[in-house]
Amino acid sequence: MHTPIHLRAGGTSLVVAVDGGRLPRILHWGPDLGELGADALAGLLRAALPAIGDSPVTYPQPVPVLPQLTEGWLGRPGLVGDSDGRRWAPYFREATHDVVDAAGGPVLRSRAHDPEYGLAVDVEIQVLTGSGLVRQRARITNDTATPYRVTSCELALPVPSDATEILDLTGRWALERVPQRRPFQVGEWARVSRGGKPGLEHTLLLVAGERGFGFRDGLVWATHLAWSGNQVLAAELTPAGTRHLAAGELLLPGEVVLGQGEVFQSRWQYGSWGAGLDELAARFHRHLRSRPQHPRSPRPVVLNTWEAVYFRHDLDTLLRLAERGAELGAERFVLDDGWFLGRRDDTSSLGDWTVDPAVWPKGLEPLADRVRELGMDFGLWFEPEMVNLNSELARRHPEWIFDAGHGPGLPSRYQYVLDLGHPGAYSYLFDRMNELVGSLGIAYIKWDHNRYLLDAGHVPDGRPGVRTQVEQAYRLMEQLKAAHPGLEIESCASGGGRIDLGVLEFADRVWPSDCNDPHERLEIQRWTGLLVPPEMQGTHIGAEESHTTHRTHPLDYRAEKALWGHLGVETNLLTADDETRAALARWVAFHKEHRDLLHSGEVVHADLADAAYRLEGVVSGDRAEALYAFSVVERPATWPPGRIRFPGLDDTRDYTVEAVYPGTAPAPGTVLPPWQHGGVTLPGRALRLVGVEAPSLDVDRSVLLRVTAS
């Protein structure tokens with residue numbers, strides 16, 4: 001019996017069984033076990049084996065990372081494929097294993113064969129240095145002349161029996177990332193995305209944990225697929241008691257058919273764990289921040305034109321808007337939808353990426369030049385993958401529009417999908433975008449993607465083109481960034497419809513939602529933050545009356561909820577009065593003052609007993625300072641709120657807690673807890689275990705709390 005392999009990095013241990021010529025089986029994934037000798041590792045394997053008796057069927061514990069029917073696995077299969085009804089039950093064996101100390105963290109590489117089927121599989125498992133994330137992928141090779149069709153390839157990450165509860169996310173337009181919980185019961189719970197992008201309803205992560213886990217307590221494990229196309233995340237509990245989280249790309253018929261010597265490589269499946277959701281999320285944040293392409297310059301405050309002018313473009317108005325933005329401290333001006341040929345509303349012109357001479361007789365150069373004179377860089381909106389039938393592009397090249405045999409399909413916002421699998425379509429997009437980025441000195445692209453890919457057939461034969469579409473979108477982003485070093489891209493898809501570690505290899509920012517209502521944004525940003533750190537989430541101050549919910553909120557609440565990410569302003573500064581613009585300028589200045597903390601610290605959330613309240617913040621890496629927000633989100637049954645306790649501080653240091661008001665201070669005569677008059681100084685342990693009396697606030701109101709070490 002081969003000694004199990006122990007991979008350690010970033011506070012994570014991964015113990016993997018590699019005996020019996022089988023593919024890897026994970027014995028432990030989670031807290032660091034420390035140094036383990038060969039005897040201890042062998043003992044772990046022996047201790048993990050079940051009492052099987054005379055039948056190994058249904059008892060294949062520990063679960064292989066690529067489960068196989070031929071090994072007695074009756075749950076979700078690892079690999080599904082065939083050759084016209086044959087070679088459908090592969091049996092990979094005679095595995096060899098090798099451990100490599102790679103730059104990103106230790107890697108286990110395993111290779112196994114099915115000699116009867118002429119198939120080979122390579123599995124790569126890595127524990128990432130610094131973050132402690134686990135990631136794995138598989139490569140399937142067809143060694144015969146008979147084509148082999150891959151239907152699905154799902155890798156598995158086992159979780160222990162303590163994981164008795166599942167958390168995932170759902171949502172819709174302008175209400176993304178709504179959490180839902182359920183018991184981890186026998187059977188499968190699968191979340192599937194079929195629209196050619198993860199989607200507004202996508203779960204982002206699938207989490208399993210100890211019953212009642214929160215942000216600070218309870219061990220949790222989660223899986224995520226680094227892919228922006230069709231996919232499935234699943235949790236499964238078998239009748240034999242085995243629990244695991246699976247993830248894989250969802251392939252359409254015929255998307256992957258391997259000829260002799262050809263290889264299918266699965267997408268990276270990521271796994272994170274933690275003592276509470278904050279630690280689980282922090283691993284993803286550390287991973288993203290450690291990459292060489294992660295944006296390291298201060299995230300420029302954005303002025304976006306969409307909710308200010310919509311399609312009503314003219315140079316004088318936009319020049320005045322830019323000047324107002326510069327006055328309040330904006331550092332990036334983004335011209336949204338409506339600048340290109342014939343675009344007066346959303347019914348026409350998508351695909352015609354030429355500046356409209358009727359609206360811009362001198363082109364966009366006068367606006368872009370003035371924006372830079374004002375000290376801002378210039379950004380532009382595109383929706384490269386979409387097309388209106390009422391456009392010059394669609395009339396010239398109808399064959400570039402997806403069609404599975406019944407025409408271009410149902411419209412969504414009058415849109416259809418441009419097939420980037422056509423070399424001509426891809427070249428057209430790159431050429432137009434490349435020319436505009438270069439000639440206008442564009443620093444930033446707001447990259448939108450509004451329509452789902454439904455019957456996305458490649459013309460003329462109607463073959464599915466979804467997988468190729470996503471790969472080509474990645475390629476287009478990568479090629480533009482290579483041609484224009486420093487160019488930044490935001491991933492927007494009707495809001496938060498394309499947020500994943502696949503697109504974040506190329507995008508510098510995501511747009512969590514088209515909803516700027518702070519009541520909704522608090523929750524949307526909180527749950528998007530399970531994967532994405534604050535500096536990569538676009539968070540904008542919207543209008544007093546939300547354009548999506550029609551709620552009204554004071555500026556201070558709107559600004560506070562936008563403070564925590566990559567700040568932007570999307571209200572109409574041309575109709576705002578002097579007092580409003582002055583308050584906006586104060587909030588922008590406060591954000592800049594604390595930007596380093598907000599965009600590098602650890603995000604923390606208190607687990608409060610009453611769902612009417614929220615306390616969350618960011619703590620610096622050295623625990624010397626922190627900024628929190630206490631919010632009331634609904635009317636509580638009891639009053640006053642009681643004490644709030646502060647997560648994330650150093651128990652051994654003394655801290656001063658002060659309420660701060662970047663916008664408008666409390667009116668004279670406002671009743672405040674005594675500690676708010678001059679602040680209070682307490683040890684970190686006391687702030688964690690005892691806390692301070694919460695400010696008494698109305699619904700949809702908040703107060704910022706600055707905490708500094710003495």
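Below are the figures for this structure:
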| read-out | value |
| --- | --- |
| Percent carbon-and-sulfur accessible area, the chain, ignoring ligands, DNA and RNA, probe 1.4 Å | 51 |
| Paired Rg and Dmax values of the stretch 11-90, which use every Cα atom, in angstrom | 15.2, 49 |
| Computed FRET value (nearest 0.05) for Asp345 with Arg46, which takes r as the C-beta separation and R₀ as 60 Å | 0.30 |
| Counting all C-alpha pairs of the stretch 652-710, share separated by more than 17 Å (%) | 41 |
| Extension gain from Arg475 to Leu74, taking 0.36 nm per residue of separation minus the Cα-Cα distance | 140.5 nm |
| Descending semi-axes in whole angstrom, ellipsoid equivalent of the stretch 485-620, from the Cα gyration tensor | 22, 19, 16 |
| Span from the the stretch 520-579 Cα centroid across to the the stretch 300-339 one, whole angstrom | 16 |
| Convex hull volume of the stretch 463-524 per residue (C-alpha atoms, cubic angstrom) | 98 |
| Computed [θ] at 222 nm, helices only, for the chain once each DSSP H run of length n ≥ 4 contributes -39500 (n - 2.57) | -6000 deg cm²/dmol |
| Two-decimal log10 I(q)/I(0) for the stretch 359-440, as the Debye equation yields it once each C-alpha is a single scatterer, q = 0.13, 0.14, 0.19, 0.26 Å⁻¹ | -0.54, -0.61, -0.90, -1.26 |
| Mean-position separation - Cα centroids, the stretch 147-191 and the stretch 407-452, in angstrom | 32 |
| Listed residues Leu318, Leu44, Leu555 arranged by accessible area, highest first, probe 1.4 Å | Leu44, Leu555, Leu318 |
| Mean shadow area of the stretch 159-205, taken as a quarter of the surface of its Cα convex hull (nm²) | 3.8 |
| Helical segments meeting 27 Å axial Cα length and Kyte-Doolittle 1.6 threshold in the chain (DSSP H) | none |
| Principal axis dimensions, the stretch 123-267 - Cα atoms, whole angstrom, descending | 53, 37, 36 |
| Computed accessible area, Arg509, all protein chains, 1.4 angstrom probe, square angstrom | 10 |
| Relative contact order (%) - criterion: Cα under 8 Å, at least six apart; region: the stretch 229-359 | 15 |
| Sites Arg463 and Glu435 - FRET efficiency at Förster radius 41 Å, r taken between beta-carbons, to 0.05 | 0.85 |
| Rough spin-label spacing in nm, given labels placed 7 Å along Cα→Cβ, for Arg653 and Lys362 | 5.3 |
| Surface per residue (accessible, 1.4 Å probe) for the chain, Å² | 37 |
| Residues whose placed amide H lies under 5 Å from that of Leu219, excluding near-sequence neighbours | Glu210, Gly276 |
| Ratio Rg/Rh [Cα only; Rh per Kirkwood] for the stretch 170-239 | 0.98 |
| Cα-based radius of gyration of the stretch 24-164 once divided by 2.2 N^0.38 Å, which approximates compact folds | 1.14 |
| Mean separation of Cα contacts under 8 Å, 6 or more apart, over the residue count of the stretch 559-710: relative contact order % | 27 |
| Hits among lysines - C-alpha to C-alpha of Lys197 under 18 Å, sequence gap 8 or more where chains match | Lys446 |
| Mean projected area in nm² (Cα convex hull; one quarter of hull surface) for the stretch 199-308 | 12.7 |
| Positive-end residue, the chain charge dipole about Cα centroid, Cβ charges, pick of Val470, Ala576, Ala358 | Val470 |
| ³J(HN,Hα) computed for each position of the stretch 192-205 - Karplus, 6.51 cos²θ - 1.76 cosθ + 1.60, integer Hz, glycine/proline x | 10, 10, 10, x, x, 8, x, x, 5, 8, 5, 7, 6, 10 |
| Cα point-scatterer Debye curve for the stretch 620-675, base-10 log of I(q)/I(0) at q = 0.21, 0.26 Å⁻¹ | -1.12, -1.32 |
| Relative contact order, percent, the chain [alpha-carbon distance under 8 Å, six or more residues apart] | 10 |
| Computed Rg/Rh of the stretch 431-563, alpha carbon atoms with Kirkwood Rh | 1.04 |
| Counting all C-alpha pairs of the stretch 246-310, share separated by more than 16 Å (%) | 74 |
| √(5λ) per eigenvalue of the Cα gyration tensor, the chain, largest first, Å | 43, 36, 20 |
| Placed amide H near Gly502: partners under 5 Å, 5+ positions off or other chain | Trp227 |
| In Å², nearest 10: area of Asp654 left accessible to a 1.4 Å probe | 80 |
| Centre separation in Å (Cα based) which lies between the stretch 55-125 and the stretch 22-43 | 19 |
| Solution diffusion estimate, µm²/s, Stokes-Einstein, the stretch 542-660, Kirkwood Rh from C-alpha pairs, 20 °C, viscosity 1.002 mPa s | 132 |
| Hz values of 3J(HN,Hα) by residue in the stretch 225-239 - Karplus curve (6.51, -1.76, 1.60), Gly and Pro given as x | 10, 7, 7, 9, x, 4, 6, 9, 10, 9, 10, 9, 10, 8, x |
| Under 5 Å, built H, 5+ apart or other chain: amide partners of Leu303 | Glu331, Arg332, Phe333, Val334, Val569 |
| Solvent-accessible surface (1.4 angstrom probe) belonging to Thr549, in square angstrom, nearest 10 | 50 |
| Accessible-area order (highest first, 1.4 angstrom probe) of the listed residues Glu249, Glu616 | Glu616, Glu249 |
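The values are calculated or read from the model by the stated rules, or taken from the named source; none is laboratory data. Just so you know, these numbers come straight off a predicted model, no measurement behind them. Don't worry about glycine lacking a Cβ; one is built from the backbone with ideal geometry, like all the others, and counts go over all protein chains shown. All accessible areas refer to the heavy atoms of the entire protein, side chains included, with ligands and DNA or RNA removed. Shrake-Rupley method; radii C 1.70, N 1.55, O 1.52, S 1.80 Å.
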